[in-house]
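Below is one structure; the comments refer to it alone.
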Amino acid sequence: MALIEKKTVRSSFDRAAATYDEWADLQRHLISDLMKILPERRFDSVLEIGCGTGLLTSFLEQEPGFRNVIATDISFNMLKKAGLKTDGKSVSFIAADAALLPGVLRGKFDLVISNSALHWLMDEFAGAMPLLFELMLPQGVFAASVFTKESLWELKTVLKRFTGDETTLPVDMFPSVEDVRNVLSGSLAQYHYKHLSISKTYPDLLSLMRVLHRTGVTPLAGQRPLIFGSSGVKRIEAMFNEMCGRVRVSYDVVLFAGTGVKESRNPSARGMP
């Protein structure tokens, strides 16, 4: 990812830190889904990648099965919010770009976990993930929820009709479902995953755009700002109603948990269904 794009992502989440918790219902819901795919065991050292405002961090701190949590994020403002949710005794925070963590952190972890964050690696996803898997201890677990570029296809469809050309959204730079599967099958000795399509309905277009903006999903460097005007809003809502019957979008998510970094010389290692 270009440096200017990373700065844009950091700035977007710095701005969204104050509003994120109020609007992050989907990200909050995915925490329970993520917990369901974890093995039932104690984790004595935990690394959280992309902790945001600490929704997952505070959960990990309160649960007895998770100890010695290190939470990381690229956004300083998000880390400040996360710090307010913990007692500061069993959780420590590090400001860092996820792609650079293998060179920043010393030691390995029983559990490496990430909720609704790793898709922001964007074009670095395929190269960075195998290195992030190396942060697991030999018997450690890596678990994550990742939004894919198939998300918001309804919004992308109506915007294409409205503008007459392809409108680029941040999700277009997220990994695809196939990208996630390829990383898992190429890097982990064992894994399992769930592919979810979560449909959300909104009262109107502005409500949808407000949720995206206030959770940090804003145009990246070089992407056209989504400014429509009142007549444009009405036209786009009419297109949504024609296509979906209402303003409705789908969020495409892959959840996975895996263990054992696959050695390239071991061709027999494969993922679990």
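Taken together, the values in this text are just the output of simple stated rules run on the coordinates, not laboratory data. Predicted model only: the values in this text are computed from it and were never measured. Don't worry about glycine lacking a Cβ; one is built from the backbone with ideal geometry, like all the others, and counts go over all protein chains shown.
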Translational diffusion of region 159-220, µm² s⁻¹ [Kirkwood Rh, Cα pairs; Stokes-Einstein; 10 °C; 1.306 mPa s]: 108
What are the lysines whose alpha-carbon lies under 25 Å from the alpha-carbon of residue 194, with same-chain residues fewer than 8 places away excluded? 36, 149, 156, 262
Would you mind checking which residues have amide H under 5 Å from residue 152's amide H? H placed 1.01 Å from N; only 5 or more apart, or other chain. 250, 251, 252
Could you tell me the ratio Rg/Rh of region 106-259? Both radii from Cα atoms, Rh via Kirkwood. 1.05
With equal scatterers on the alpha carbons only and no solvent term, can you work out the Debye log10 of I(q)/I(0) for region 1-158 at 0.10, 0.16 1/Å? -0.34, -0.91
At 1.002 mPa s and 20 °C, Stokes diffusion of region 1-60 via Kirkwood alpha-carbon radius, µm² per second: 158
Mean Cβ count within 10 Å, highest first, over the residues of peptides 103-109, 139-145, 53-59: 53-59, 139-145, 103-109
Restricting to lysines and to Cα separations under 17 Å from residue 81, and discarding same-chain partners fewer than 8 apart, the set is 89
Burial ordering of 207, 230, 11, 75, fewest other beta-carbon atoms within 10 Å first: 230, 207, 11, 75
At a threshold of 8 angstrom on Cα-Cα distance, excluding pairs fewer than six apart, so keeping six or more, what relative contact order does the chain reach in percent? 22
Taking the Cα atoms of region 74-124, report the difference between the largest and smallest coordinate on each principal axis, in whole Å and largest first. 35, 25, 18
Whole number please: convex hull volume per residue of the Cα set in region 139-182, in Å³? 73
Where does the chain land at 222 nm, in deg cm²/dmol rounded to the nearest 500, when only DSSP H runs of n ≥ 4 count, each adding -39500 (n - 2.57), divided by all residues? -11500 deg cm²/dmol
Taking 244, 51 and counting other C-beta atoms within 10 Å, the order from fewest to most: 244, 51
Would you please give the residues with an amide H less than 5 Å from that of residue 71, counting only those at least 5 places away or on a separate chain, with H modeled from the backbone geometry? 48, 92, 93, 94
Counting Lys and Arg as +1 and Asp and Glu as -1, each charge on the Cβ, what is the dipole of the chain about the Cα centre in debye, to the nearest 20? 180
So what are the chain's ellipsoid semi-axes, whole angstrom, largest first, if each one is the square root of 5 times an eigenvalue of the alpha-carbon gyration tensor? 32, 21, 17
Could you rank the peptides 169-181, 83-95 by their average count of other C-beta atoms within 10 Å per residue, with the highest value first? 169-181, 83-95
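Using mean Cβ contacts within 10 Å as the protection proxy, how do 17-30, 146-159 order, highest first?
The most tightly packed comes first, giving 146-159, 17-30.
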In units of 2.2 N^0.38 Å, what is the alpha-carbon radius of gyration of region 89-183? 1.32
